[in-house]
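Accompanying notes for the structure given below.
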Amino acid sequence: MKTVSLRERKKDKTRQALLEAALRLFAIQGFTETTINQIAAEVEVSPRTLLRYFPTKEDIVVSCVEETMSAFMDRFSQVSPEEPPHLSLLAGARAILETYQSKADFYLTVERAIAASPDIRARKLEMSASLAEQVTTLLKIRAGLTPIAQWQAELYPDIVFSILRKVIGRWVAENGKDPLTELFDTASRLVSFEN
């Protein structure tokens with residue numbers, strides 16, 4: 001078992017405090033209006049210290065996106081290789097949504113910050129496209145060489161990530177009124193996957 005040093009625990013605690021302070025300020029005054037200096041002051045560190053953890057204000061938000069994408073891959077990789085591709089993808093998508101739902105206010109703020117910044121939106125789309133490519137490659141390896149399986153491996157990730165974007169967008173627009181998994185189930189039923 002790997003032990004975490006006191007220094008590493010302190011760094012993790014500072015990083016988390018900076019992230020929470022930033023999102024609190026984003027929720028109160030908006031992403032654009034919040035400055036690096038304000039975030040650093042909330043945690044009583046220098047702006048330079050903040051920039052060691054997050055090189056830009058946008059990186060604060062992007063780090064949250066990275067965490068949810070890790071949740072997707074963790075769940076996706078746990079599904080049996082014999083499972084139909086769409087079920088593996090839907091399981092990964094549910095992991096993202098469960099993460100969002102477990103900290104709804106936090107992720108509503110994250111998504112509002114993303115909506116407020118064209119740069120962050122572009123980065124999130126790039127990250128999503130990269131994840132879809134990675135998943136496509138894994139599905140192709142898993143699926144074998146049948147023409148239908150190859151098509152599924154290429155199409156299904158894009159479809160599932162598109163559903164995710166729409167579901168999260170609606171959830172944010174409705175201020176988290178309906179549970180994400182219910183919205184996702186409704187949206188998924190509108191799309192027909194074949195084995």
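The values are calculated or read from the model by the stated rules, or taken from the named source; none is laboratory data. Quantities reported herein were computed from a predicted structural model and do not represent experimental measurements. Cβ sites come from the backbone with ideal geometry, for glycine too, and all protein chains shown count toward neighbours.
Quick look at the numbers
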read-out	value
Subset of region 29-58 [among the polar types (S, T, N, Q), surrounded by 13 or more Cβ atoms within 10 Å (Cβ to Cβ) and part of a helix (DSSP H, G or I)]	Q38, T49
Residue pairs meeting the criteria (Cβ under 6 Å; at least 6 apart or on separate chains; first assigned by TED's automatic domain parsing to the domain that holds L138 and over 15 Å from V110 (Cβ atoms), in region 60-76; second of a type outside the set (K, R) and in a helix (DSSP H, G or I))	F72/G92; F72/A95; F72/I96; R75/A91; R75/G92; R75/A95; F76/S88; F76/G92
Unmet requirement for R52, which otherwise passes all of (1) farther than 30 Å from Q152 by Cβ; (2) touching a residue at least 60 places away in the same chain (Cβ under 8 Å)	(2)
Residues satisfying the stated conditions in region 69-109, i.e. among the small types (G, A, S) and touching a Lys or Arg at 6+ places or on another chain (Cβ under 6 Å)	A91, G92, A95
Single residue of region 77-125 satisfying the filter (without any contact (Cβ under 8 Å) to a residue 12 or more places away in the chain and of a type in the set (D, E, K, R)) that is farthest from E20 (Cα to Cα)	E82
